[in-house]
Amino acid sequence: MFKAKTQIRVRYAETDQMGYVYYGNYAMYFEVARVEAMRSIGFSYRTMEEGGILMPVLESHITYLKPGKYDDLLTIHTLISELPGVKIRFDYQVSNEEGEQIARAWTTLAFLKKENHQPTRPPKELIELLNPYFN
């Protein structure tokens with residue numbers, strides 16, 4: 001299983017009138033966490049896209065447990081529990097500075113060829129970088 005950790009400080013513009021993180025901003029936080037998780041093992045989304053493979057989100061599910069608040073330092077744990085095929089699932093656990101879990105979520109993304117948007121296998125480099133976490 002692959003695990004990574006990303007921290008994000010909640011900015012004022014990301015909150016609602018109550019000072020809570022607006023629910024739609026969690027999707028952006030998860031995108032940041034995904035990209036940073038891949039970067040942590042030496043994989044670049046940019047290089048993958050330049051190489052002709054895109055990763056659109058197919059599914060997203062979020063359970064909100066407690067509000068994130070303005071100026072909180074959130075920790076997002078990103079997990080990949082199985083090697084990807086034409087799809088990859090990311091699981092997320094979000095906690096605040098007190099260590100309380102405030103949200104949990106998952107997203108499923110697909111690997112598509114840029115030129116025709118047809119499903120494709122993940123880049124060989126990504127599989128090679130993830131393999132040690134599953135052996």
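Points worth noting:
- Mean residue ellipticity, 222 nm, helices only, the chain: the sum of -39500 (n - 2.57) across DSSP H runs of n ≥ 4, divided by residue count and rounded to 500, is -6000 deg cm²/dmol.
- Compared with the dominant principal axis of the Cα atoms in the chain, helix 25-40 is inclined by about 50°.
- Altogether, the Stokes-Einstein calculation at 37 °C and 0.692 mPa s, with the Kirkwood radius of the chain over Cα pairs as Rh, returns a diffusion coefficient of 210 µm²/s.
- Proxy reagent accessibility, fewest Cβ within 10 Å first, across H117, H77: H117, H77
- Computed from label points 7 Å out along Cα-Cβ, the spacing between L65 and V86 is 3.5 nm.
- By the count of neighbouring beta-carbon atoms within 10 Å, fewest first, K124, K5 end up ordered K124, K5.
- Taking the fewest neighbouring Cβ atoms within 10 Å as the starting point, the ordered list for F134, F30 is F134, F30.
- Modelled spin labels at K5 and L54, positioned 7 Å past Cα toward Cβ, are 3.5 nm from each other.
- Loop-exposed GluC sites (Glu not before Pro) per DSSP, neighbour cap 13 Cβ within 10 angstrom, longest uninterrupted part of the chain: 1-81
- Placing pseudo-labels 7 Å out from each Cα toward the beta carbon at Y12 and W106 gives an inter-label distance of 3.9 nm.
- Pairwise Lys count, segment 2-133 - Cα closer than 20 Å, eight or more residues apart or different chains: 9
Read-outs: derived from the displayed coordinates by stated rules, not from any lab. A quick note: this is a predicted structure, and the numbers were derived from the prediction, not measured. Note: ideal-geometry Cβ built from the backbone for every residue, glycine included; neighbour counts use all protein chains shown.
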